[in-house]
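Engineer: Below you'll find the structure I mean.
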Amino acid sequence: MQKIDKLHLGIMVCALPFILSFWGCASLSDNQTTEDYTPTVEDSLTFQQNEHLGRGVNLGNALEAPAEGDWGVTLQAEYFQLIKDAGFNAVRIPIRWSAHASSSAPYTIDSAFFDRVDWAVGHAFTTGLLAVINMHHYDGIAEDPSTHKERFLSMWEQIAFHYQDYSDSLLFEVLNEPHDQLTPNLWNGLLQDALNVIRNTNPVRTVVIGTAEWGHVQSLKELVIPVEDRNIIVTVHYYNPFHFTHQGAEWVSGSDAWMGTTWTGTTEEEQAVIDDFDEAANWAQKYHRPIFLGEFGAYSKADINSRTRWTDFVARQAEERDMSWAYWEFCAGFGVYNQGTSDWNYPILKALIP
Ligand code: GLC
């Protein structure tokens, strides 16, 4: 073993605080956490942005269908005003860009489709709503991430370029519910790549990033986002208990057997929700990130009293923890609005906005 002389020992002792602080920094960027992290002005702006997002609704089953209208919803100009007048602050617009971009390089997004998204965002803005646009139902990136990565990033490059001059009322959400082969680990890499692409043209745009494994709260602990980017809102989805919220859902196999499942708000039922929201809130506090509950809802096959009770309880749990939220969804199977009668589904609306 090499002897350490006094001089070297002295140097080491003097350097110790620097070494330790370096370790501190290293652990900050590895784990994105530290008790002694001092939130910056940028942090508070992002928390403010999340407050503006406030209460929202998903314009679901429209632009994320293979073609708009395929799933029974074609967006109407009057929807935006209705949503604003009911007291919502924001719309989340799920979008299946992958159905409107060429399959080979340079993966050009159809300009007519851009026009349609511009129209939707434009109406959100003129009525005073914030808009979150995302990438929804890009099946390829979940099934085979390495093959689809280039196309995924290219689409984001185009979207980011297209909207670079839009105001900060527009937020980008990188990907809806990463899952399947897009593991938490791969997702952490891909979200960083997407963020790099977006930041080239949108240095100050708020970007929304969700968790892997379908956006579950429990996957927050696997999420790694770049610690130096403070303009990120983290998003989770909430559909627990799944047998209640997805009973009879045609796209969930076996869900017919769950029909008749109620949610009466027993202490046990409430506690399960509270525990999940506490987990999310604890994560948020540890990593100094605001949380957007980007989807929650119970399908219309559940009884309306249970749906109303659950929706109210979940929305209040989010609000108590300063989370913004967006109900899933506006006027289809979970609808807070009824297209048939051109009127609100009042029990759900009152549960959302008491
Ligand atoms: C996810 C899916 C959407 C579905 C919703 C409720 O957002 O992408 O299609 O309707 O969850 O299951």
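The values are calculated or read from the model by the stated rules, or taken from the named source; none is laboratory data. Since this is a predicted model, take the numbers as computed values, not measurements. Methodologically, a virtual Cβ is constructed for each residue, glycine included, from the backbone with ideal geometry; neighbour enumeration extends over all protein chains shown. The accessibility values were calculated without ligands, DNA or RNA, using every heavy atom of the protein model including side chains. Shrake-Rupley method; radii C 1.70, N 1.55, O 1.52, S 1.80 Å.
Engineer: With a cut-off of at least 1 residues that are open to solvent by 10 Å² or more (accessible area, probe 1.4 Å), of a type outside the set (Phe, Trp, Tyr) and closer than 20 Å to ALA194 by Cα, name the helices (runs of 4 or more DSSP H) lying wholly within the range 77-159.
Structural biologist: 139-143
Engineer: Since SER255 meets every condition but one in (1) open to solvent by less than 10 Å² (accessible area, probe 1.4 Å); (2) touching a residue at least 40 places away in the same chain (Cβ under 8 Å), which condition does it not meet?
Structural biologist: Going through the list (1) open to solvent by less than 10 Å² (accessible area, probe 1.4 Å); (2) touching a residue at least 40 places away in the same chain (Cβ under 8 Å), SER255 breaks only (2).
Engineer: Next question. Six or more apart or on different chains, Cβ under 7 Å: which pairs go from a residue in the range 321-342 that's at pLDDT 95 or above and open to solvent by 30 Å² or more (accessible area, probe 1.4 Å) to one that's assigned to a loop (DSSP other than H, G, I, E, B) and away from the ligand (no atom under 16 Å from the Cβ)? Could you list them?
Structural biologist: ASN338/ASN345
Engineer: Considering each residue of the range 307-320, count those that are open to solvent by 60 Å² or more (accessible area, probe 1.4 Å) and hydroxyl-bearing (Ser, Thr, Tyr), and give that number.
Structural biologist: 0
Engineer: While we're here: Quick check on the range 12-28. Is at least one of its residues exposed (fewer than 12 other Cβ atoms within 10 Å of the Cβ), modelled with pLDDT under 95, in contact with a His (Cβ under 9 Å, 6 or more places away or on another chain) and farther than 30 Å from PHE334 by Cβ?
Structural biologist: Checked the range 12-28: no residue is exposed (fewer than 12 other Cβ atoms within 10 Å of the Cβ), modelled with pLDDT under 95, in contact with a His (Cβ under 9 Å, 6 or more places away or on another chain) and farther than 30 Å from PHE334 by Cβ.
Engineer: On to the next question. Against the definition (crowded, with 23+ Cβ neighbours inside 10 Å and away from the ligand (no atom under 16 Å from the Cβ)), how does ILE304 come out, yes or no?
Structural biologist: no
Engineer: Right, something else. Could you give every pair whose Cβ atoms fall below 7 Å, whose first residue belongs to the range 167-181 and is over 11 Å from THR211 (Cα atoms), and whose second residue is open to solvent by 10 Å² or more (accessible area, probe 1.4 Å) and within 11 Å of the ligand (Cβ to nearest atom), counting only separations of at least 6 or pairs across chains?
Structural biologist: Within 7 Å, no pair qualifies.
Engineer: Moving on to the next point. Could you please let me know if ARG199 is closer than 30 Å to TRP119 by Cβ, touching a Phe, Trp or Tyr at 6+ places or on another chain (Cβ under 8 Å) and basic (Lys, Arg)?
Structural biologist: Here the answer is no, as ARG199 does not meet what is asked.
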